[in-house]
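Trainee: First, the structure itself, so that you have it in front of you.
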Amino acid sequence: MTMEPTNRSSAVIPFWRDVRVLRVVAQVVFVILILLIGVTLCNNLTRGMAKFTTFSFDFLTSTASLPLAETTIPYEPHDPMYRAYIVGLLNTLRVIVLGIVLASMLGLIGGIARLSSNWLVAKIAVVYVEIFVDTPLLIQLYFWYIAGVLRLPRVRDSIALPGDIHLSNRGLTMPWYDPNANFGTWLAVIGGAVVLAIVLSIAFGKLRQRTLARDWRALWSFLGFSAMVVIGANILNPFTVTVPELKGFNFEGGITLSPEYVSILAGLVLYTGAFITEIVRAGIQAVPRGLNEAARALGLSYVQTLRLVTVPLALRVIIPPLTNQFLNLAKNSSLATAVAYPDLFFVGGGIYNMTGQTIQVVAMMMATYLLISLTISVIMNFVNARFKLVER
Amino acid sequence: MSGMATITDTIKPPVTSVGVLGWLRKNLFSSWFNSLLTIVALWLIYNFVVGLWGFVTTANWNVVIVNLRLFMVGRYTLEQVWRVQVSVAILAFLLGASWRAWGGIIQQIGISIAALFVVLALLAFETSSRVYLAANVALIAIGFGFAHLVRSRGLLVALWIASPFVIAILLYGGVGGLPIVATDLWGGLLLTFALAVSGIVLSFPLGVLLALGRQSSYPVIKWFSILYIEIVRGVPLVTMLFTAQIVLPIFLPEGMTVERVVRVMVGFTAFTAAYLAEVVRGGLQAIGRGQSEAAKAIGLNTIQILWLIVLPQAIRVVIPAIVQQFISLFKDTSLVAIVGLLDLAGIANSVISQKEFLGLQNEVLVFIAAIYFVCCYVMTYASRRLEKRLGVGER
């Protein structure tokens, strides 16, 4: 539109050039457009749906008859659909939670290795990142599952790792701590330890105020807490340790992680860990050298420098992209279906196959994943708020 | 280590602090901990190399050679495969021309791809494929010469923008007597590229609109954009593909059917648009308010401000991020294997499960992983170089 000479003296703006009117009109047009599209689609939908099904969530209470290989809560195929769905959800959460913890640890180690003064270690970290970042996760999962776990030897010839861990085509078997009758008492002891830690913290805080001694609150609280927990554990023996033993064709005792679970977990951890490695590296490099040197010059010890200067500053850079990686891991956990691990997406697909309730199943899955993503976002935003730069 | 055997009056540094020994000492054995790390690392590398050597020497690449056409084009009609070859040739020509026009990173990509063609030509088993690969190298050279004569970057940009559409028409057919090759026959690397390119090209305008919508002062449009972006970014891609595959048909008018590949493309476009919107939003936020205010002051209207002032700068800033998005889209195309399409990953899966290729899964997986790796690595490298050249983060 070019600049036309307009009659500036006239105070009345024609309504088609009045910004206030235009704004309202534009939005109304937009809403009508969206509604039109929606109505058209829904018309098609109701016409299509009328043929074979009705829209309701009743199917959730019908019998699932969906065999699931792995369940964290008791589940039988004759249980209702919603129970199958919960099993899937729990399986997904099992992957996400452990995956996030392990991927963070791997990323931390990788990031430090990437900056190591040891040339070989730094180069191994670079190669690790390049290989895992530049190939699709799905291919890596196929690799772990088809070419990895499934090709492991039979239980009889299982590969023994240090610490009574056994790798076979039935999965990963390792010793496990089974809580016994004393477990409840021990939980109470932990509760007592928390109280002790708080008391110690307050007491040493008072002491510090009076004497201006160095601040040892955290240390003493921690020591008191761990002493009570460890001593309690030694006296009560709240766990029965079971070590896997080969009996017949299978292991008895210990805990066995299925090949599917091991594959999806290993795949997600190694893939996300590679991304986190780069994030940690960038975060550490973002802390100016001068700051560390200044902290040392001020007389802070190496550990103090790390704790009070480097880590808080690096975390400020690390946390936002780290949040993204956690979200990616959570969303990528849906690839578990490629290795036949009965996660949320797998069970959702199964329910769809059994009932044909397309819209409901898709809506439920999307809502559940959204809720998971939202939870991670909220938690990480809370963490981020603690570390971010306080500005006036 | 040095050729300076002549007598000098200076004392040479100790042999342990310079040269190979000095380097080893400094970088690998500077302390006991470092030495320990080095030994552990060497042990890891040794195991890896031994494993790799064991694999390479016993690998049976027949499974790849026999199924090569499947891996490349899937079940694309045999008599029509020349259309895929012509498409590659068009791209080779454009690459050569861009090499001359821009140099720099494109020159490096051009050299790598030409070298790749030469290596493949040496490895190829049939004379016809050798000739074809050699022809592509020649086309890169011809493109180079063409750009040398014509010297118009604008023309080249126009050709690049037109190329996806021309190639799409060429591959699909139905125009000018070309028989239609239904997209359900497309497969392998062809489908992977088709999905990735269509995903980014089609989602780009949508993403820009959503990014603008998110910044809009119209509350209705703003909240619609935010809702769309956040919902799509909160759910896994497989659920989007699942939706596109099974829900989309229900919403279509009666009697209207859409090919599976097209449905998946819709899913990818809807998915990528939300991510691109966030990328573009980053660019929009990087452009100071002063730019649009100045543009307004000299009398441009809203559309002119966006089209001439804000968007060109914003998109320039986020080009590396868009390349990153493309890379992740390229990797994500493998997910169509989960909804039953035969892209590179899907073909690999179906080849592995055939009885006659039992036990050859390593070869197949390594082969397709290598293809993905080379493509992604080249693009990652290009994006890093671009980032440096555009000086993003330094302005």
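Trainee: Restricting segment B:220-246 to residues that are surrounded by fewer than 19 Cβ atoms within 10 Å (Cβ to Cβ) and closer than 21 Å to A:THR337 by Cα, which is farthest from the chain's Cα centre (by Cα)? Full working, then the answer.
Mentor: Taking segment B:220-246 and keeping what is surrounded by fewer than 19 Cβ atoms within 10 Å (Cβ to Cβ), we get B:220, B:222-223, B:226-228, B:230-231, B:233, B:246.
This time we only want the ones that are closer than 21 Å to A:THR337 by Cα, so: B:233, B:246.
On the way: B:ARG233: 21, B:ILE246: 28 Å.
If we take residues in segment B:220-246 being surrounded by fewer than 19 Cβ atoms within 10 Å (Cβ to Cβ) and closer than 21 Å to A:THR337 by Cα, then B:ILE246 is farthest from the chain's Cα centre (by Cα).
Trainee: Is there a residue in segment A:373-387 that is within 11 Å of another protein chain (Cβ to nearest Cβ), within 14 Å of A:ILE96 (Cβ to Cβ) and without any contact (Cβ under 8 Å) to a residue 24 or more places away in the chain?
Mentor: Applying the first criterion (within 11 Å of another protein chain (Cβ to nearest Cβ)) to segment A:373-387 yields A:373-377.
Those still in the list that are within 14 Å of A:ILE96 (Cβ to Cβ) too: A:373-377.
Now drop any that are not without any contact (Cβ under 8 Å) to a residue 24 or more places away in the chain, which leaves A:374-375.
Yes, segment A:373-387 contains at least one residue that is within 11 Å of another protein chain (Cβ to nearest Cβ), within 14 Å of A:ILE96 (Cβ to Cβ) and without any contact (Cβ under 8 Å) to a residue 24 or more places away in the chain.
Trainee: Suppose we keep only residues that are free of Cβ contacts under 8 Å to residues at least 60 places away in the same chain and at the interface with another protein chain (Cβ under 9 Å from one of its Cβ atoms) within segment A:318-333. Which one would you say is nearest to A:LEU141 (Cα to Cα)? Quick ask: steps written out before the conclusion?
Mentor: Of all residues in segment A:318-333, those free of Cβ contacts under 8 Å to residues at least 60 places away in the same chain come to A:318, A:321, A:324, A:327-328, A:331.
Subsequent filtering for residues that are at the interface with another protein chain (Cβ under 9 Å from one of its Cβ atoms) retains A:327, A:331.
Numbers: A:LEU327: 18, A:LYS331: 15 Å.
Applying the filter and picking the extreme gives A:LYS331.
Trainee: Identify the residue in segment B:233-261 that is outside any helix (DSSP H, G or I) and more than 7 Å from chain A (Cβ to nearest Cβ) and, among all such residues, is modelled with the lowest pLDDT. Even if it seems obvious, please write down each step before you answer.
Mentor: If we filter segment B:233-261 for residues that are outside any helix (DSSP H, G or I), which is where we start, we get B:235-236, B:252-259.
Applying the additional criterion that residues be more than 7 Å from chain A (Cβ to nearest Cβ) yields B:255-259.
Details: B:GLY255: 72, B:MET256: 75, B:THR257: 78, B:VAL258: 82, B:GLU259: 85.
Per the stated criteria, the residue is B:GLY255.
Yes or no, residue by residue, for (1) more than 14 Å from chain A (Cβ to nearest Cβ); (2) assigned to a helix (DSSP H, G or I); (3) out of contact with any helix residue (DSSP H, G or I) (no Cβ under 7 Å at 6 or more places or on another chain); (4) over 30 Å from B:TRP82 (Cα atoms):
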{"position": "B:GLY174", "(1), (2), (3), (4)": "yes, no, yes, no"}
{"position": "B:SER198", "(1), (2), (3), (4)": "yes, yes, no, no"}
{"position": "B:PRO205", "(1), (2), (3), (4)": "yes, yes, yes, yes"}
{"position": "B:ALA211", "(1), (2), (3), (4)": "yes, yes, no, yes"}
{"position": "B:SER225", "(1), (2), (3), (4)": "no, yes, no, yes"}
{"position": "B:ILE231", "(1), (2), (3), (4)": "no, yes, no, yes"}
{"position": "B:ARG263", "(1), (2), (3), (4)": "no, yes, no, no"}
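Trainee: Just need a number here: residues in segment B:347-376 that are part of a helix (DSSP H, G or I) and more than 10 Å from chain A (Cβ to nearest Cβ). Can you show your working first?
Mentor: Going through segment B:347-376, the residues part of a helix (DSSP H, G or I) turn out to be B:347-352, B:355-357, B:361-376.
Filter again for more than 10 Å from chain A (Cβ to nearest Cβ), leaving B:347, B:350-351, B:355-357, B:367.
Counting residues in segment B:347-376 that are part of a helix (DSSP H, G or I) and more than 10 Å from chain A (Cβ to nearest Cβ) gives 7.
Trainee: Do the conditions hold for A:LEU102, that is, is it crowded, with 17+ Cβ neighbours inside 10 Å and either assigned to a helix (DSSP H, G or I) or within 14 Å of chain B (Cβ to nearest Cβ) (or both)? Even if it seems obvious, please write down each step before you answer.
Mentor: On the way: crowded, with 17+ Cβ neighbours inside 10 Å: yes; either assigned to a helix (DSSP H, G or I) or within 14 Å of chain B (Cβ to nearest Cβ) (or both): yes.
In short, yes.
Trainee: For segment A:131-180, how many residues meet the condition of being of a type in the set (D, E, K, R) and facing chain B (nearest Cβ under 9 Å)? Give the derivation first.
Mentor: First, pick out the residues of segment A:131-180 that are of a type in the set (D, E, K, R): A:134, A:151, A:154, A:156-157, A:164, A:170, A:178.
Okay, now just the ones that are also facing chain B (nearest Cβ under 9 Å), so A:134, A:151.
Going through segment A:131-180 one residue at a time, the tally reaches 2.
Trainee: Output the number of residues of segment A:72-100 satisfying the condition of being free of Cβ contacts under 8 Å to residues at least 40 places away in the same chain and more than 23 Å from A:ASN324 (Cα to Cα). Lay out the reasoning, then the answer.
Mentor: Our first condition is that a residue be free of Cβ contacts under 8 Å to residues at least 40 places away in the same chain; within segment A:72-100, this holds for A:72-80, A:82-83, A:86, A:90, A:97.
Now drop any that are not more than 23 Å from A:ASN324 (Cα to Cα), which leaves A:72-80, A:82-83, A:86.
Looking only at that region, the number is 12.
Trainee: Search segment B:22-34 for residues being exposed (fewer than 14 other Cβ atoms within 10 Å of the Cβ) and part of a helix (DSSP H, G or I), and hand back the single one that is farthest from the other protein chains (Cβ to nearest Cβ).
Mentor: Taking segment B:22-34 first, the residues exposed (fewer than 14 other Cβ atoms within 10 Å of the Cβ) are B:23, B:31-33.
Restricting the remaining residues to those that are part of a helix (DSSP H, G or I) gives B:23, B:32-33.
Working: B:TRP23: 8, B:TRP32: 12, B:PHE33: 9 Å.
My answer is B:TRP32.
Trainee: Among (1) within 24 Å of the chain's Cα centre (by Cα); (2) not in a helix (DSSP H, G or I), where does B:ILE327 come up short?
Mentor: (2)
The values are calculated or read from the model by the stated rules, or taken from the named source; none is laboratory data. Bear in mind the structure is a predicted one, so any value in this text is a computation, not a measurement. No Cβ is skipped: glycine too gets one built from the backbone with ideal geometry, and neighbour counts run over all protein chains shown.
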